[in-house]
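See structure below.
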Amino acid sequence: MSSHLEHEHDVLVIGAGGAGLRAAIEASARGADVGLVCKSLLGKAHTVMAEGGVAAALANVDDRDSWRVHFADTMRGGQYVNNWRMAELHAKEAPERVRELEAWGALFDRTDDGRILQRNFGGHRYPRLAHVGDRTGLEMIRVLQDRGVHQGIAVYMETNVTTLLMDGGRVAGAFAYDRERGRFRVFRAKAVVLATGGIGRAYKITSNSWEYTGDGHALAYHAGADLIDMEFVQFHPTGMVWPPSVRGILVTEGVRGEGGVLKNREGRRFMFDDIPENYRAQTADSEEEGWRYTQGDKSARRPPELLTRDHVARCIVREVREGRGSPHGGVFLDISWIKARVSDAEDRIKKKLPSMYHQFKQLADIDITREPMEIGPTTHYIMGGIRVDGDTQMSTVPGLFACGECAAGLHGANRLGGNSLSDLLVFGQRAGEHAAAFAASSGATAVDAGQVDEAARRALAPFDRPGSGEGAYQVQHALQETMQDLAGIVRNEGDLRAALGRVEELRERAETVGVAGNREYNPGWHTALDLRNLLTVSEAVIRSALDRKESRGGHFREDFPDKDPAAGKYNIATRRAADGSMELERVPVRELPDELQAVIEEMG
């Protein structure tokens, strides 16, 4: 019998970014006793990296906006493999969630008449992103954290969950350890909400910090839940590329929303060279029209820099591959050029984009009010994740819920900028509501000691190995290089099969990794335990990418460069087979109801 601390809650929320906090607040408000587990410190979350704004059809800046336009934009951006029910709920409920956040204390930028200000963003037809300069995610976390703490939620910081505990086919809690002292903790719960974010650390170049190792995806998978759409990984088009110490750090889409343009080394605005047919009617055909759009001219169409992220990222890769890139393997993003249009350009840039100004000044010694930024694609987000019911957010495992980036469905093949923050508000609230209801209506669970002992044995295994001389970091680095080089922004059959073979080799190497020292303050041990999750999600991405023999959204196959209409009728589900292997199933996309089909046709 392992030695451990025990905790019991009605609802256990794993992950304390925006989605986890919103779920915890809602479950607590509905009377549930809530425990909130975070891998890092409370408030340190990827939500903070969402700088540009939260998408909601408030229609404060352009009264033509509505939930119908937002729904149609989200479905088009997702290439119509979205869970349409989630897209519908998201578009309808996002305005209420944003106003609620404002009532809780969020200090959004304002219009001249005092309403919440909204800005342009890629893929959104009208100015839709409510924002706080370019620090929107930070402000949201501040407000949610304050709300949650004052609601009496029990918070377990720097605690890492390694295993979900089960009672038959129902989730019953979680096994974890605290990263500071290495002590084991067993959480018993009637319902569990996963809100652990993404998988960015499976790649070498990423905007994600160290926590994002696919924990929730892997926990759900090993507990028997379905994953879905794992081939759809979003490479944000604008990450820093120089100097090497900051490579991958995000450059907000808000730069382009405020008039920033993309140029190659020849000084050409290359985005005008390739405009997808389904966006041509909504895209400016001159630089003059594009500029007017960013300044609020309702008669103008958006510049091509504000096309969807997948398309912009591929155009950048094309420029680099064909020898027109910047000196360090990217292209140029220029906001300083607006001084040719407005007299107060420097002050305007500093006011609208304060974080970007300081980020480049401090990290790269670049003054973005005077010179262009060097940028390139960075792994940012995964549209795929835990398969959930659109209304309740419950996974295919009873009592196990998911929300935020680790859940899937809303974004389809590609997420629009700003939709991640509204996603976590809308579906965090729903996950908390339904988890609390499930806990209240379901009986207590039981966890047998054998599960706990097995989880403890697996967690301690790295200390018992003699070691091969190779540390966990070397295996993680090899995996990141494999995913970056062979399963990245441009894929093909040969590379993906090679990647699958390397993942199998790396799994064997991971099983031999030994850890020196003891359980206290041991980052080598933490990394060794993260490897299982990283390898699981990497295999899911590769197998799903192999199965989807077409290009759609965030998944681009150079050997199948076009969309296949037949492939647009299914999602790819991934689950653990009885023999422990990973199996795939093509799941038909649910047919749109007539009224929602009419909305899409009406919006063009």
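The values are calculated or read from the model by the stated rules, or taken from the named source; none is laboratory data. Fair warning: this is a prediction, and the values are worked out from it, not measured in the lab. Quick reminder, even Gly has a Cβ in these numbers, built from the backbone with ideal geometry, and neighbours come from all protein chains shown. Surface areas here come from the heavy atoms of the whole protein model, side chains and all, with no ligands, DNA or RNA. Shrake-Rupley method; radii C 1.70, N 1.55, O 1.52, S 1.80 Å.
Below, the figures for the structure above:
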read-out	value
Region 261-338 shape via C-alpha gyration tensor axes, a/c threshold 1.5	oblate
CD proxy at 222 nm, helix term only [per DSSP H run n ≥ 4: -39500 (n - 2.57); per residue of the chain; nearest 500]	-11500 deg cm²/dmol
DSSP-defined beta bridges in the chain - what % are antiparallel, rounded to 5	65
Spread of Cα-to-Cα distances over 20 Å intervals beginning at zero, given as percent, for the chain	21, 57, 21, 1
Accessible area of L117 in the full protein assembly, 1.4 Å probe (Å², nearest 10)	40
Cα-based shape type of region 99-141, given that a ≥ b ≥ c are square roots of the gyration tensor eigenvalues and the cut on a/c is 1.5	oblate
Candidate residues E505, E550: accessible-area rank, largest first, probe 1.4 Å	E505, E550
Euclidean distance of C-alpha centroids, region 377-417 and region 236-255, integer Å	25
Estimated FRET transfer efficiency (Q151, E520; beta-carbon r; R0 41 Å; 0.05)	0.80
Chain lengthening between V587 and Q295 when straightened (0.36 nm per residue, less Cα-Cα)	100.8 nm
For region 298-388, the Rg and Dmax computed from alpha carbons only, in angstrom	15.9, 51
Percentage relative contact order, the chain, counting C-alpha pairs under 8 Å, at least six apart	22
All lysines inside 24 Å of K298 as judged from Cα atoms, apart from same-chain residues fewer than 8 positions distant	K92, K339, K351, K352
Calculated from backbone phi, Karplus (6.51, -1.76, 1.60) coupling profile of region 528-540 in Hz, x at Gly/Pro	4, 6, 5, 4, 4, 5, 4, 5, 5, 5, 5, 4, 5
Protection-proxy order for peptides 389-401, 104-116, each taking the mean of Cβ atoms within 10 Å per residue, highest first	389-401, 104-116
Accessible-area value, I249, 1.4 Å probe, nucleic acids and ligands omitted, Å²	60
Debye-sum result for region 459-577 in log10 I(q)/I(0), which assumes one identical scatterer on each alpha carbon, at q = 0.14 Å⁻¹	-0.65
For peptides 441-447, 48-54, 471-477, 519-525, sequence by mean Cβ density within 10 Å, most packed first	48-54, 471-477, 519-525, 441-447
Phi to ³J(HN,Hα) by Karplus 6.51 cos²θ - 1.76 cosθ + 1.60 over region 461-466, Hz, x for Gly, Pro	3, x, 6, 8, 8, x
Size-normalised alpha-carbon gyration radius of region 1-159, reference 2.2 N^0.38 Å	1.17
Area of E266 that stays accessible when all protein chains are in place (1.4 Å probe, Å², to 10)	130
Within straight-line cross-link reach of K44, aspartates and glutamates at Cα separation under 13 Å, skipping those fewer than 8 residues along the same chain	E139, E158, E211
Karplus (6.51, -1.76, 1.60) ³J(HN,Hα), θ = phi - 60°, over region 413-430, in Hz, Gly and Pro reported as x	8, 7, 8, 7, x, x, 6, 6, 5, 6, 4, 5, 6, 5, 8, x, 4, 5
Projected label distance in nm at K361 and R321, using a 7 Å step from Cα toward the beta-carbon	3.9
